[in-house]
Amino acid sequence: MAAPVVIPQGMDPVFYAMHRMRRGKHTETIDICSALLEQNPRDLAVWFLKTRALATANFVDDTEMEEEGVGDLLMDDNAMAAMPRPGTSLARPGSSAAGGGGADASIRPVSSSGRPMTGFARPGSAAARPGTGAANVSLDQALSGARPGTSRPMTTLGRQVRLGTASMAAAMGGAALGQFIDVDRLDLRRYAARPPLAKALCDFMLYHAHNPKKALELAAAATVVCGYRDWWWKTRLGKCYFQLGLLREAESQFKSSLREQSMVITHLELGKVYLKLDQPLVALEAYAAGARAHAGDGSLLLAQARVHDQLGDTAASSRVYRGALRLDPSCVEAMASLAANHFYGDQPEVALRFYRRLLQMGCASAELHNNLGLCCFHASQYDMALSCFERALALADDTNTADVWYNIGQVAVGIGDLGLAAQAFKVAVSVDGAHAESYNNLGVLELRKRSTDVARNHFQTAQALGGFMYEPHYNSALLAYKLGEFEEAFAHGNKAKAAHEGHGDTKELLSQLAAHFGTI
């Protein structure tokens, strides 16, 4: 149990609570306000301060695309029935419509567990391999589906203690049951007439109580009170509609808010709606319009670059990341993404410069040292590569240790030490039993030792764990072809082609099988 907050002698408790709130000490603010409300449950100033503290403590930056759970994927009513054209859908991100700037899937891995790790996790791109990390959640978590108010609390000097209404006192009756506010018992129309209280209460409902329906009622009533002229309330209406899955209604509210006042956060929210609707090109237009209106803000450029990256247009994403880096030379995301793009573009020396800059900025992490080691290895700086991997292992935790050992195995294969490579891949699968890439490479190494049964088992395990990979299917197809099992080879070859249509070796193998079947 946490120790009670000690208020300095002679200081007004409300003033001290506001001081803690400004310093970001939300837990202390909540404890002080709770103690004050026990003495006077109708102190509206303290009630307002605690509501703001609870909402701010649980605030989540929802301007970016969040990870979608199983429930969101299965119950999405906005899925397109027709097959979208490549480059116009995040579900089918080909690069042909995006200008042909995408990296080859055989060079750049399609999973974020990739061979260099960017070290910068962001929503929409941090999904781990199936069954691992953030993706390994319970069914309840999978099926579960921003800014605080701008008005400042009243100052302590000359503060008039105004008593709350009867509806507030009744709603606070749930505090005895561990609930601060019972939103179902509030008179929302009365609160809507008082904008500072209404804004704090709306954010409390969205971020702490997670009740978008009640927040929608309050926002609708407040919008009527302000004569449909307040952009803030229209933005909150869009947030509520978005959380309820009413995407077109959210789109109309965000557009109406932009007509009243052009704000960066509203452009980001509107782009997120289009991404949810699987319309990335429209989202890019929304971000571009916001970037023109707010030329000095880099968040809109970063949002554009992420969409280009998801569409596979690496050239466009690099161009936009450079623009964001010109606005903010210390942007970690832009530097990490540009470094990864240069690495996959066969420019490890250029990527090394970006990673060294990140290291100079104090961004020391296992991912960063891992990427430094890979860049040093590919730039023929072998002495630096080993020290970087040692540092990466020292900083690694359970979430990235397997990836570091996997990359060590890749380096060992590159220098010809297959024994060290096998040991590194075995350590990777011992740390993370669902590391599909390591199983695939272990199968290749076993195949070199003529252990076909063990290799086949490793390939099957990699296929079960990494449905996004084409390598295990191609390796299984090639093994079956050499063993004379042509039907199995044809089946695995088609799966490899479905995972990566541009793989030349898979096409050649399938053509040989088709020629063989034609002669039977």
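Details
- Enumeration of residues in region 379-431 that are of a type in the set (Phe, Trp, Tyr) and more than 23 Å from Asp346 (Cα to Cα): Phe425
- Any hit, region 499-514, residues being surrounded by 17 or more Cβ atoms within 10 Å (Cβ to Cβ) and touching an Asp or Glu at 6+ places or on another chain (Cβ under 7 Å): no
- Yes/no for Ser262 being out of contact with any Asp or Glu (no Cβ under 9 Å at 6 or more places or on another chain) and either among the aromatic types (Phe, Trp, Tyr) or outside any helix (DSSP H, G or I) (or both): yes
- Selection from region 284-331 of residues that are hydrophobic (A, V, I, L, M, F, W, C) and under 14 Å from Ser262 (Cβ atoms): Ala286, Ala288, Ala289, Ala291, Ala293, Ala295, Leu300
Every residue, every condition in (1) over 20 Å from Glu367 (Cβ atoms); (2) among the hydrophobic types (A, V, I, L, M, F, W, C), yes or no:
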position	(1), (2)
Asp383	yes, no
Leu386	no, yes
Ala392	no, yes
Leu395	no, yes
Asp398	no, no
Val404	no, yes
Asn407	no, no
Ala412	no, yes
Asp417	yes, no
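- Hey, Ala176 buried (at least 19 other Cβ atoms within 10 Å of the Cβ), modelled with pLDDT under 90 and either of a type outside the set (A, V, I, L, M) or assigned to a helix (DSSP H, G or I) (or both) or not: no
- Candidate set: region 1-39, residues that are basic (Lys, Arg) and either outside any loop (DSSP other than H, G, I, E, B) or modelled with pLDDT under 85 (or both); chosen: the one surrounded by the fewest Cβ atoms within 10 Å (Cβ to Cβ): Arg22
- Filtered residues of region 470-520 (kept if of a type in the set (Asp, Glu) and over 20 Å from Leu442 (Cα atoms)): Glu485, Glu487, Glu488, Glu501, Asp505, Glu508
- Residue pairs whose Cβ atoms lie under 6 Å apart, separated by 6 or more positions or on different chains, with the first residue in region 439-457 and over 13 Å from Ala477 (Cα atoms) and the second β-branched (Val, Ile, Thr), are Tyr439/Thr461; Glu446/Val454.
- When Val307 is tested against (1) modelled with pLDDT of 90 or more; (2) within 18 Å of the chain's Cα centre (by Cα); (3) more than 30 Å from Tyr355 (Cα to Cα), only condition (3) is not met.
- Screening Tyr382, Tyr344 for residues that are exposed (fewer than 15 other Cβ atoms within 10 Å of the Cβ) and of a type in the set (Phe, Trp, Tyr) leaves exactly one candidate, Tyr382.
- Scope region 405-423; condition buried (at least 24 other Cβ atoms within 10 Å of the Cβ) and either part of a loop (DSSP other than H, G, I, E, B) or among the aliphatic types (A, V, I, L, M) (or both); matching residues: Ile408
- Among the residues of region 1-47, those that are within 20 Å of Phe180 (Cβ to Cβ) and among the charged types (D, E, K, R) comprise Arg20, Lys25, Glu28, Asp31, Glu38, Arg42, Asp43.
- Only one of the listed residues (Ser337, Ser365) is modelled with pLDDT of 90 or more, within 22 Å of the chain's Cα centre (by Cα) and either surrounded by fewer than 17 Cβ atoms within 10 Å (Cβ to Cβ) or not aliphatic (A, V, I, L, M) (or both). That residue is Ser337.
- Residues within region 391-403 that are acidic (Asp, Glu) and at pLDDT below 90, tallied: 2
The values are calculated or read from the model by the stated rules, or taken from the named source; none is laboratory data. Quick caveat, the model's predicted, so the values are computed rather than measured. Note: ideal-geometry Cβ built from the backbone for every residue, glycine included; neighbour counts use all protein chains shown.
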